[in-house]
Every structure is written in structure tokens, then in C-alpha cells.
Amino acid sequence: MNPESTRNQTSKAAPAPVTARRVIICAGTGCVANGAWKVMKAFEEQSAKAGITLHLQMKPEGQAPDGLTLTKSGCQGFCQKGPLVTVMPEDTLYTHVKPDDVPEIVKAIVEGTVVERLLCTDPTTKAHFSGQKEIPFYTRQQRFVLKECGFIDPEDIHEYLRHDGYKAARKAWLEMTPEQLCEELLASGLRGRGGGGFPTGRKWDLARKQPGDKKYVICNADEGDPGAFMNRSVMEGNPHSVIEGLMVAARAIGADATLVYVRTEYPLAVQRMRKAVEDAEKMGLLGPDAFGTGRPLTCEVMEGAGAFVCGEETAMINSIQGGRGMPSPKPPFPAQRGLWGKPTIINNVETLVHAVRIIKEGAASFRKLGSEKSPGTKTFALTGHVVNTGLIEVPFGTTLREVVLNIGGGVTNEQGKPDPKAFKAVQIGGPSGGCLTTEHLDLPLDFDSLRSAGAMVGSGGLVVMNQKTCMVSIARFFMDFTQRESCGKCVLCREGTRQMLALLDDVIEGRADANTLVLLEKLGHAVAKGSLCGLGKTAPNPVLSTLRHFRGEYEAHVFDKRCPTGQCKALAKPSIDPEKCRGCGLCLKACPVGAIKGERKVAHVIDEALCIKCGACATACKLGAVQGI
């Protein structure tokens, strides 16, 4: 049975006495990968067995009929606990749901009880939380961009309309002038959420003032940072909010054409965005007569080629026009001369959704949250060595301590267990950002504070690292990423990142000397200063920030020829603890090169000259006698 079906199904058996209940299956990419569709199918089958009337779509008027209404939602944010199932109106959230759990859930719905073993549980007190209104992961957030993502059916335009959908666009097109729209955005202080933090109102007003009857608005959904999935989740969970943001922006600058540039690696987001456009066109919201004004407005969804550099606006424009994704010098800025030479504004997904709220509720309401120079909220993708990975939204000015230790539930050690002493660093802003350490735990997360700490908001990726993380290897990981993603246009970016990567390889493989760190730092500053676009200018950030905060770790690699965390195999010095070794011979048999010597029942030794540091001996040893590898 197709879980995407929207038909109604009624069992031939006598209906069970179930009053109106709605079951929402999280169908974001993470939950889908963990089996959400199988869970949905299990609900369909179990409802039929129980004789429960089952509906697979909400009524247009929004009233849930008797029986079960089974719908999907976008990402509910609590990715660590997926697949997630919510029962309304009780707001009961079940976690880690498997198809085998569904009969028990359906029985609980019929009997008016709760399946406690599937509820979210406090790892310390073992207390159960029934729903989002109780779970600390949610209660410590303030969700606006993500508010409807985990609730409404992303493929049902009527649900979006019932939640004041397209109210801001209607207001913009029928009640406000372009000048008023730009003034409201300026008053709100909204800054671009794609990483640069440029005032959105200024960008819109610049494009509005440009002469010409043809202008464009582009949604930058080319989210390419490792560990970042904020834009993807919004498009998957609430695609109409993105379209509405485009409509508001188009009215503000006088554009009649909009475009969503999505990574081709986001097939579910592409599918749902295209359906949303199709449904909006059918309702006359888009098309030749938007809102009955006689003015046309189109929206196209285009898949990008997956190049990280295409997140830069001029490279994106070149890609859309059929050229190679390479940045162009500025000025002129796209707001002056962009797509096909016409005035163009480019905003990312989150920025456009914030614009909808500002026009709907007013600039003053938006400014109630956040800091003076960074008002509003910001979504973050929280990943890495943290108890609660997932998608969060907090006001600007929230501290790193609140995000990682409270919302995130704390840092995990190498065994995956919560450990208050395990925190080492957070990489914020992806390949363009920098590292924050324990000294930054009380640093407010906003544009200016992070810049002063040598980091940046970026698109919103937060990768938490514990004490067993090698910071040199982390810097190399991000440098390898940006070096491969460089378009090659600038010599300093193309060759400078390659040389920085080679120097980092020297460090982690034991070839570095006293001059290596000096050259690495000097080269990093040169690449940042001499590159054309944001990719090259920020590529050295992970290296420079780790050199600043973890220089001792670099020096241990260079001068002592050892990795303090034991993660760099080339610097490993394997040995066998004679007190633990019983001479069983398991390690000797596992070694592929004969580097282990010793008689049976006598402590063995490793010949470093022969050892290839493959780790086979450590895996084979059941006593933990093999060390340093």
C-alpha cells in the first residue's frame, strides 16, 4: 500500500469506538531513512484489523472526523529519537517507533492509555515526557521557522492555508506598496541567514530602486555544509512557506519571476517544492493573475549540480544561466545586475520564511527575540558527539552552553555515554566557520559575537566534538572539503588550499618541522585575503581557529611526533602492556605482517619497524593489552 496515498479507507469490520484522533508520522529524510514509511503502512494495516475507520488526509475545513486520521509531516527536529509518531490532540510523542510497536499504540489509542516505554525519557531521572510541551529539547527552543514543519502535511496546501498560509503574501500584494515592504524589512533588522548576515531590507530596497520591468528573486537552497540540513528540512516540511517568502520578496522589488535553486542531493525537498508550486498555481496564487491583481508571478524549481561554490550568489547565477558555477567580481551586485543581466535578489530559505512572519506580524514583533543587532531566531543543525542530535531553533543571543548542554542534552564520550567532562569544541559554520571551545560556552550566538571569536554563524551547522577528537584531523577534513569544492578560478584559492592540505598531511603523518606551522598560518591568511569569493576567503577559518585554540595539539604532532588523542595512525606507537598480556597468541595470529613476537603464555612485543598500524591486533585482543593504536 502506498503510504503517500490520499484516499480514504474504511474497514469492513465494525468500527472500533475511537473518537477523532490524528496520528502524525514524521516523514523528514532522517525518519524516512529509519523506516517511517513502514511505520505508516503498519498503522494502515493495524487499523483495518482493529476495525477502525482510517482517513489518510485531513478534511479541507480542518476538522478531524471520528476514527484515525493518519498523515505525514516534515522533520519534527528530534532526529536522535526517530522515527517519531505524534498522537493528537493529546500531543503524545512516541520515539524510536518500529512497525512492531504499532499494534500497541493503536490499542492505547482505543483504550485512552499511553505506551510509556515509547515515550521520551530523561536519561538521569528516568522520568517520562508525554509530548513536545514537556520535553526539554523542545521547551528550551522558540520555534517559528520550524513551527509547522513537524505538524502540517507538507503536501496539503489546505493545511498551510488553515495556519494563516499566504496571509502575508496576500497582504503584500493587495495592501502594501513595495516601498512599505522594504521599510518593514529594514525596521525588523532581519539579516540574511545564509551566512553573510547582510541586512535583507537593504538588499531588497537596492533592487527595488533599480530601473527595468524585469527582475528576479532566487531562493538559495543550495545547502552544502557538511552536517547542515536546516534548509532541506524546511522545504520538506513546509514548502509553501518558502513560496510565500518568494512572493513577498517579488512584490517588494517588482519581480515577476522567482526560482528555487535546490541541491540535487535533496530529492524529497525537490519533490515537495514542485508539488507546492503546482498546487499554488492551481489555486491562482501563482500564475498570470496572482491574487487577482492582473500581475503575473512564476516560480520554478531548479536542481543544482551539487557544487558547494554555487552557494555563492554570483556562482549560482552563472550555474542557472547554463555556465560553470564560478563566482564573478562584485560590484555590480546581483541586486543591480544579476540573472540575465537583470536586478536580482538572492535569499536563503530561512531568510524568506522569516520575511513572511515579519509582514504578517510586524517588525516590532520580530524584534522581541534575539539581540539588538541580530534580532529574531536562528535554526541550527546540531550533530556530532551530543546526546540529542537534531534540528533546533533558538533566539540569537542564546549561549553555546544552553544549546549544547541543555537542549543538546550534553556531550557524549567515546563510548557514546553522556559525560560532563567530554566537551572539547564545537565547529560552527561548517567549512567556512571556526571552532569554539570551553572558554566560549557562555558566548552569545549572534553575528557579531561569533565574528569577534574568529567564527561565524554560517548557514547554521553545529558539530560537537568530544575529547577524543583530533583537532588537526578536523581541520584537515574541512580543508580537504573546500579544496575539492574550489572552482579553481583564483590561484590563491586553487593552489593555496592545496598547499595547506599538504602541510596538514605533513603534520598528521609525522613529516612536519618547526617551519610547517609558521608556513601554514601565513598561507592561511594569504588565501583569506586574496581569494575572490566567500569560499576562498573563509576556507582557512577551521585551520586558523584550531591553530589559535589548540596550538598545543599541533605542536605535539610536530615536535613530539604523537597525536594526543591517538587518532592519527601514522603517529601511533603501538605497544603491548606486559601486565595485561597473557601470551594467548590471538594478536600474533591476527597480525598480517608478522610484527608481533612472543612465546605462548609469555607477554608479547610489537616490532615497530614491521608494524603497519592496521589495528588488527587491538581488535583481536580481548584483554585490552594492545595500546597506542
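The values are calculated or read from the model by the stated rules, or taken from the named source; none is laboratory data. The structure displayed is predicted, hence computed values, not measured ones. With ideal geometry, Cβ positions are generated from the backbone for all residues, glycine too; neighbour counts draw on all protein chains shown.
Conditions tested, residue by residue: (1) over 27 Å from A556 (Cβ atoms); (2) touching an Asp or Glu at 6+ places or on another chain (Cβ under 8 Å).
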site: L571; (1), (2): no, yes
site: C591; (1), (2): yes, no
site: H604; (1), (2): yes, no
site: E608; (1), (2): no, no
site: A625; (1), (2): no, yes
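Which of the residues belonging to the range 557-616 are over 30 Å from T546 (Cα atoms) and not in a loop (DSSP other than H, G, I, E, B)?
Across the range 557-616, the qualifying residues are I576, L586, C587, L588, K589, A590, I596, K597, V605, I606, A616.
Which residue out of A315, A305 is among the aliphatic types (A, V, I, L, M), loosely packed, with under 14 Cβ neighbours inside 10 Å and in the same structural domain as G227 (by TED's automatic domain parsing)?
Checking each option against the conditions leaves just A305.
Residues being surrounded by 19 or more Cβ atoms within 10 Å (Cβ to Cβ) and at pLDDT below 95: count how many of those fall in the range 184-201.
Final tally of qualifying residues: 5.
Quickly run through the range 498-540 and pick out the residues that are closer than 15 Å to A556 by Cα and in a loop (DSSP other than H, G, I, E, B).
Passing the criteria: E509, G510, R511, A512, D513.
Could you grab me the full set of residues in the range 338-379 that are under 16 Å from A168 (Cα atoms) and assigned to a loop (DSSP other than H, G, I, E, B)?
Within the range 338-379, just G362 meets the criteria.
Answer yes or no: is there a residue in the range 544-553 that is touching a residue at least 40 places away in the same chain (Cβ under 8 Å), outside the structural domain of A455 (by TED's automatic domain parsing), outside any helix (DSSP H, G or I) and under 28 Å from the mean Cα position of the chain (by Cα).
yes
Can you tell me how many residues in the range 162-195 are touching a Phe, Trp or Tyr at 6+ places or on another chain (Cβ under 6 Å) and without any contact (Cβ under 8 Å) to a residue 60 or more places away in the chain?
The qualifying residues number 0.
Considering only residues that are buried (at least 17 other Cβ atoms within 10 Å of the Cβ), in a loop (DSSP other than H, G, I, E, B) and not hydroxyl-bearing (S, T, Y), which ones fall in the range 150-183?
G150, F151, I152, D153, P154, E155, D156, G165, M176
Give L441, L504 a once-over and let me know the one that is buried (at least 21 other Cβ atoms within 10 Å of the Cβ), in contact (Cβ under 8 Å) with a residue 24 or more places away in the chain and touching a Lys or Arg at 6+ places or on another chain (Cβ under 8 Å).
Step by step, each of L441, L504 is checked, and only L504 is buried (at least 21 other Cβ atoms within 10 Å of the Cβ), in contact (Cβ under 8 Å) with a residue 24 or more places away in the chain and touching a Lys or Arg at 6+ places or on another chain (Cβ under 8 Å).
Looking at A64, A48, A42, A16 in this structure, which one is modelled with pLDDT under 65, in the same structural domain as E90 (by TED's automatic domain parsing) and closer than 12 Å to V106 by Cα?
A16
Do any helices (runs of 4 or more DSSP H) entirely within the range 184-293 hold 2 or more residues that are touching a Lys or Arg at 6+ places or on another chain (Cβ under 9 Å), farther than 24 Å from E485 by Cα and assigned by TED's automatic domain parsing to the domain that holds L339, and if so, which?
In the range 184-293, the matching helices (runs of 4 or more DSSP H) lie at 200-208, 230-237, 239-253.
Of all residues in the range 455-482, which are in a loop (DSSP other than H, G, I, E, B) and either of a type in the set (K, R) or at pLDDT 90 or above (or both)?
Hits for the range 455-482 are Q467, K468, T469, C470.
Out of the range 413-436, which residues are surrounded by fewer than 20 Cβ atoms within 10 Å (Cβ to Cβ) and out of contact with any Ser or Thr (no Cβ under 9 Å at 6 or more places or on another chain)?
Selection gives N413, E414, Q415, G416, K417, P420, K421.
Say we look at the range 297-320 and pick out the residues that are touching a helix residue (DSSP H, G or I) at 6+ places or on another chain (Cβ under 7 Å) and part of a loop (DSSP other than H, G, I, E, B); which of these is modelled with the lowest pLDDT?
A305
Output yes when any residue across the range 437-460 is in the same structural domain as G410 (by TED's automatic domain parsing), among the β-branched types (V, I, T), over 22 Å from the mean Cα position of the chain (by Cα) and within 20 Å of H385 (Cα to Cα), and no when none is.
Yes, the range 437-460 has at least one match.
Among the listed residues E485, E495, E521, which satisfies the condition of being over 27 Å from N413 (Cβ atoms) and in contact with a Phe, Trp or Tyr (Cβ under 7 Å, 6 or more places away or on another chain)?
That would be E485, the only listed residue that is over 27 Å from N413 (Cβ atoms) and in contact with a Phe, Trp or Tyr (Cβ under 7 Å, 6 or more places away or on another chain).
Those residues that are acidic (D, E) and modelled with pLDDT of 95 or more, I need them from the range 72-115; list them, please.
Matches in the range 72-115: D100, D101, E104.
Looking only at the range 354-386, count how many residues are closer than 20 Å to G195 by Cα, over 25 Å from the mean Cα position of the chain (by Cα) and buried (at least 24 other Cβ atoms within 10 Å of the Cβ).
So the count comes out to 0.
Consider T619 carefully, then state whether it is assigned to a helix (DSSP H, G or I), of a type outside the set (F, W, Y), buried (at least 21 other Cβ atoms within 10 Å of the Cβ) and not assigned by TED's automatic domain parsing to the domain that holds E439.
No.
Any chance the range 483-494 includes a residue that's outside the structural domain of P418 (by TED's automatic domain parsing), assigned to a helix (DSSP H, G or I) and surrounded by 23 or more Cβ atoms within 10 Å (Cβ to Cβ)?
Within the range 483-494 (the criterion being outside the structural domain of P418 (by TED's automatic domain parsing), assigned to a helix (DSSP H, G or I) and surrounded by 23 or more Cβ atoms within 10 Å (Cβ to Cβ)), the answer is yes, since at least one residue qualifies.
Does E278 satisfy the criteria of being acidic (D, E) and surrounded by 24 or more Cβ atoms within 10 Å (Cβ to Cβ)?
no
With respect to C299, is the statement that it is under 18 Å from K215 (Cα atoms), touching a residue at least 40 places away in the same chain (Cβ under 8 Å) and within 28 Å of the chain's Cα centre (by Cα) true?
yes
Of the residues that sit in the range 275-296 and are free of Cβ contacts under 8 Å to residues at least 40 places away in the same chain and in contact with a strand residue (DSSP E or B) (Cβ under 8 Å, 6 or more places away or on another chain), which one is farthest from N231 (Cα to Cα)?
Residue satisfying both the conditions and the ranking: G287.
I need the full set of residues from the range 380-393 which are more than 18 Å from V349 (Cβ to Cβ), in a strand (DSSP E or B) and β-branched (V, I, T), in order please.
Listed by number, the residues that qualify are T383, V386.
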